[in-house]
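Asks: Structure incoming, see below.
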Amino acid sequence: MGFSIRELTIVEAQKTMKATLLGKGIRIDVYVKDMEGNAYDIEMQMTKEKELHLRSRYYHSEMDSYHIKAGQKYKDLKKSIVIFVCAFDPFEENRSIYTFETMCSENPEIVLEDKRKTFFVNIFGDRTGVNEKAVNLLDYFKTGEPTDEYTGGLQKRVQEIRADSEWRTNYMTIEMKMDERFEDGKKRGKAEAILELLEDCGSISKELRARIMDETNPDNLKKWLKLATKVNSIEEFVRQM
């Protein structure tokens, strides 16, 4: 990402943070800290999600609330870095890395030193301008083939873990759940697309919204999506669905 880290400590995998009793809370894939206490949230994002940018905002907020205690000074806040590693291009500019920090609209050269930074990594993006080590790592994520000593070490570790029968059983269970989540994500994405199209035709009743969101048959969702692009009113959609 263009900065040096002396040492990282894995605080907890799949860590749950909840700053307040009634707050939404977050479940972090990988949560690590460096020697200076700066915190890093690393998320693997396999399916496209339109609200990823808002998730990053919420993750930063929850991490800040989690780190600073009552009575502490704001200067005690450490750096908060959120990294999404995506199997798709979140901004469709064919970049491998998108870096975001707070800047002044009137003068982009003025950066607000709020110690927050967000990275969206597209493993399929163009590698122009990306340093060699990052290129090798992204290529490994993309192909599963190591190209240098570091990714070779990763591959060796992956093979060792996969040879562990107990871990492999757990891995297969997780893989099945991930497949289910991926399919659920695709279905939910189609349902949301249908509703977005129908919102241009008028007010959608709670009953119709629930029926579309609860539909599990992919053929029906495909049919309704095509239908939603053609109809001129909600009534016409309901008659033909």
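The values are calculated or read from the model by the stated rules, or taken from the named source; none is laboratory data. The model shown is predicted, which means the values in this text are computed figures rather than measured ones. No Cβ is skipped: glycine too gets one built from the backbone with ideal geometry, and neighbour counts run over all protein chains shown. When the accessible area is computed, the model is the full protein with side chains, heavy atoms only, and any ligands, DNA or RNA have been set aside. Shrake-Rupley method; radii C 1.70, N 1.55, O 1.52, S 1.80 Å.
Asks: Select, from Val135, Val85, the only residue that is farther than 30 Å from Lys190 by Cα and either without any contact (Cβ under 8 Å) to a residue 60 or more places away in the chain or not aliphatic (A, V, I, L, M) (or both).
Replies: Working: Val85 fails: farther than 30 Å from Lys190 by Cα.
When all the criteria are applied, what remains is Val135.
Asks: Of all residues in segment 36-77, count the ones that are in contact with a helix residue (DSSP H, G or I) (Cβ under 6 Å, 6 or more places away or on another chain), at pLDDT 85 or above and over 17 Å from Thr99 (Cβ atoms).
Replies: Of the residues in segment 36-77, 1 are in contact with a helix residue (DSSP H, G or I) (Cβ under 6 Å, 6 or more places away or on another chain), at pLDDT 85 or above and over 17 Å from Thr99 (Cβ atoms).
Listed here are the residues, each with its yes/no results for (1) open to solvent by 30 Å² or more (accessible area, probe 1.4 Å); (2) within 12 Å of the chain's Cα centre (by Cα); (3) closer than 18 Å to Asn122 by Cβ.
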site: Ser61; (1), (2), (3): yes, no, no
site: Lys75; (1), (2), (3): yes, no, no
site: Lys78; (1), (2), (3): yes, no, no
site: Val82; (1), (2), (3): no, yes, yes
site: Phe91; (1), (2), (3): yes, no, yes
site: Arg95; (1), (2), (3): yes, no, yes
site: Tyr98; (1), (2), (3): no, no, yes
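Asks: Now for a different question. For segment 36-44, check the following and say yes or no: at least one residue is open to solvent by less than 60 Å² (accessible area, probe 1.4 Å), farther than 30 Å from Ala193 by Cβ and either in a helix (DSSP H, G or I) or among the aromatic types (Phe, Trp, Tyr) (or both). Steps first, answer last, please.
Replies: Just the residues of segment 36-44 that are open to solvent by less than 60 Å² (accessible area, probe 1.4 Å), to begin with: 37-43.
Filter once more, keeping what is farther than 30 Å from Ala193 by Cβ: 37-40.
If we keep only those that are either in a helix (DSSP H, G or I) or among the aromatic types (Phe, Trp, Tyr) (or both) too, we end up with 40.
Yes, segment 36-44 contains a residue that is open to solvent by less than 60 Å² (accessible area, probe 1.4 Å), farther than 30 Å from Ala193 by Cβ and either in a helix (DSSP H, G or I) or among the aromatic types (Phe, Trp, Tyr) (or both).
Asks: When segment 122-138 is examined, which residues are found to be within 15 Å of Asn94 (Cβ to Cβ) and assigned to a helix (DSSP H, G or I)?
Replies: Within segment 122-138, Val135, Leu138 qualify.
Asks: Going by the conditions given, is Glu113 among the charged types (D, E, K, R), surrounded by 15 or more Cβ atoms within 10 Å (Cβ to Cβ) and either assigned to a loop (DSSP other than H, G, I, E, B) or more than 19 Å from the chain's Cα centre (by Cα) (or both)?
Replies: no
Asks: Could we say that Ile28 is modelled with pLDDT under 70, outside any loop (DSSP other than H, G, I, E, B) and open to solvent by less than 70 Å² (accessible area, probe 1.4 Å) here?
Replies: On the way: modelled with pLDDT under 70: yes; outside any loop (DSSP other than H, G, I, E, B): yes; open to solvent by less than 70 Å² (accessible area, probe 1.4 Å): yes.
Yes; evaluated as a whole, the condition is true for this residue.
Asks: Restricting to segment 95-139, name every residue that is under 15 Å from Gln45 (Cβ atoms), aliphatic (A, V, I, L, M) and in contact with a Lys or Arg (Cβ under 6 Å, 6 or more places away or on another chain).
Replies: Within segment 95-139, just Ile123 meets the criteria.
Asks: Gly202 fails exactly one of the following numbered conditions: (1) in a helix (DSSP H, G or I); (2) more than 22 Å from Met46 (Cα to Cα); (3) modelled with pLDDT of 85 or more. What is the number of that condition?
Replies: Of everything listed in (1) in a helix (DSSP H, G or I); (2) more than 22 Å from Met46 (Cα to Cα); (3) modelled with pLDDT of 85 or more, Gly202 misses just condition (1).
Asks: Pairs under 8 Å by beta carbon, first residue among the aliphatic types (A, V, I, L, M) in segment 35-57, partner part of a helix (DSSP H, G or I) and open to solvent by 20 Å² or more (accessible area, probe 1.4 Å), six or more apart or different chains?
Replies: Listed pairs, sorted by first residue: Ala39/His67; Met46/Met178; Met46/Phe182.
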